[in-house]
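Notes follow once the structure below has been shown.
Read the figures in this text as sums done on the coordinates, not as results from a lab. All values reported here derive from a predicted model rather than from experimental measurement. All Cβ positions, glycine included, derive from the backbone under ideal geometry; neighbour counts span all protein chains shown.
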Amino acid sequence: MGQDAFTQLVDAYYAPLYRFALSLARNSADACDLTQQTFYVWATKGASLRDGSKVKTWLFTTLYREFLRGRRRGTQLTALEDLPPGEDDPPAAETDLALNMDAQLVVEALQDVDEAFRAPLTLFYLEDLPYQEIADMLEVPIGTVMSRLSRGKAQLRAALAKKETAQKIIPFPLSQRKTS
Amino acid sequence: MNTIEAKFILQARRPDGQDDAYPRFAEALEHARRDPSLAAWLAREQAFDAAVAAKLCSVQPPAGLRDAILAGAKLSRPVPFWRRPQVLGLAASVALIVGVATTWPVLRPSMDTERLALGVLAEVDSDAHHTAMPFAQGALRALLNEPTTRLAAGIPFDTEQFTKGGCRSLKIAGRDVLEVCFERGGEFHLYIAKRKDFRGDGEPFFRERGTLASVAWADAQHAYVLVTGDGTSALRNVF
């Protein structure tokens, strides 16, 4: 691949890849490293990909695998059976919760979602990949993706509500306290 | 499908509607059309999803990340030992000496075309080539990328048209040569020289060396060398 084609590839995908990395890694520095590492892997191995229509999926999958590979030992995923169940009849979410909140807080709420649900949930909101490709990437059936999405959304709603409550608590200014 | 099942499916429907073609989503959407309370729930759910998606997509990568990726990837591309300039230079020299020594008596009339091909193979492996990679543009790109184009049939371009088509100028074996790259299933590199600068009968001559395959030939106006890393069969599909 020529330098121009590589530059075009970076321009097309580095922002959504960074957003996905940010949700996984939970901090900007690690997200930058993951995004860079993904394009490094492309620069060294990407030529072996013959189907040009699979580039986007290849990049997202590579980033996810690099994240899993780079996670420190001892920080294993919480077993799915130990996580709270999804809602049988989910309530409609409060749109205002997300609309009125700063993007940074929404991303932080997303980062509070358990890791097992965070990847499918972020890919759902990035709207970049069809379900079959998300399922292939996570190596689970589509039904499992939807199940994890359901549970992830429940956690996201709870995290957003918690952040909204925290925002409403206005600390009392120390300078106005009466002293005896 | 009951309302709970429909909600389970519909909460996975993306706000941009890209999932509506899936039969399960289509069935659940039909259910929502018949059930006003489910439709109202879906509208609120989709509004929430659109709001979260918009917030997530408004997050901008840090300034400098793009440039760091481009610089890092460029520096990090591994150069196998056999593609290092010193090794390449030595290999090209040995190949040239051996080639000249063994074929001189038989192939003397086409010697210069062979030198062009050998020089081209060394050039394709060079750092200069990997830095430049001049991809074809405009009419030349259209011609080279067209699956039915066979280069052996001739390329109706003069030097000026080749230059306008994105070709890079370089010297090989002391002669002016134009270089252009294109993709047709794989990556190809075409080198064009003035016919008068290279002797030989112009008959196609295929060779494989290392991971590279090449064919050299000439018509009335130009001498050509076409190179690919995808093997002789790929070469024959284009040539």
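Observations
- For B:ILE172, nonlocal amide neighbours, meaning residues 5 or more places apart or on other chains whose placed amide H falls under 5 Å from its own, are B:VAL177.
- For chain B, the mean residue ellipticity at 222 nm estimated from helices alone is -15500 deg cm²/dmol, where every DSSP H run of n ≥ 4 contributes -39500 (n - 2.57) and the total is divided by all residues, rounded to the nearest 500.
- Taking each of A:LYS54/A:LYS162; A:LYS45/B:LYS196; A:LYS45/B:LYS7; A:LYS162/B:LYS7 in turn, the alpha-carbon distance tops 31 angstrom for A:LYS54/A:LYS162; A:LYS45/B:LYS196; A:LYS45/B:LYS7.
- Per-pair calculated FRET efficiency, R0 = 22 Å: B:ALA26 and A:ALA158 via Cβ, rounded to 0.05: 0.10
- Hypothetical label at A:VAL140: residues of the stretch A:96-124 whose amide nitrogen lies under 16 Å (7 Å Cα-Cβ projection): A:113-124
- Of B:TRP41, B:PRO15, B:ILE172, farthest towards positive along the dipole that unit charges on Lys, Arg, Asp, Glu beta carbons give chain B: B:ILE172
- Separation of the B:ALA43 and B:ASN237 label points, Cα + 7 Å toward Cβ, nm: 5.3 nm
- Anisotropy class of the stretch B:121-219 from Cα gyration tensor, a/c 1.5 cut: rounded
- Measuring between alpha carbons in the structure, the pairs from A:LYS56/B:LYS164; B:LYS171/B:LYS194; A:LYS163/B:LYS55; A:LYS56/A:LYS163 lying more than 23 angstrom apart are A:LYS56/B:LYS164; A:LYS56/A:LYS163.
- Per-residue ³J(HN,Hα) for the stretch B:168-182, Karplus 6.51 cos²θ - 1.76 cosθ + 1.60, θ = phi - 60°, Hz, x for Gly and Pro: 9, 8, 8, 10, 10, 6, x, 10, 6, 9, 9, 10, 8, 10, 8
- Comparing B:ALA213, B:ALA142, B:ALA43 in a Gaussian network model of chain B, where Cα atoms under 10 Å apart are tied by springs, the biggest mean-square fluctuation is seen for B:ALA43.
- Residues A:SER48, B:SER93 arranged by fewest to most Cβ contacts within 10 Å: A:SER48, B:SER93
- Each Lys and Arg Cβ is given +1 and each Asp and Glu Cβ -1; about its Cα centre, chain B then shows a dipole of about 460 debye.
- The stretch B:181-221 - charge dipole about Cα centre, Lys and Arg +1 at Cβ, Asp and Glu -1, debye rounded to 20: 180 debye
- Taking amide H as placed 1.01 Å from N in the peptide plane, the amide H of B:GLN137 sits under 5 Å from that of B:GLY166, each at least 5 places away or on another chain.
- Under a Gaussian network description of chain B, with springs only between Cα atoms under 10 Å, the residue in B:GLY89, B:GLY72, B:GLY229 that fluctuates furthest is B:GLY72.
- Structural descriptor for chain B: relative contact order 14 percent, calculated from alpha carbon pairs under 8 angstrom and at least 6 residues apart.
- Shielding by other protein chains, B:21-28, mean Cβ within 10 Å: 1
- Cα centre as origin, Lys/Arg/Asp/Glu Cβ charges: the stretch B:5-78 dipole, Debye: 360 debye
- Separation of the A:ASP96 and A:GLN8 label points, Cα + 7 Å toward Cβ, nm: 4.8 nm
- Against chain B, whose longest principal axis is taken from its Cα atoms, helix B:85-107 shows a tilt of about 50°.
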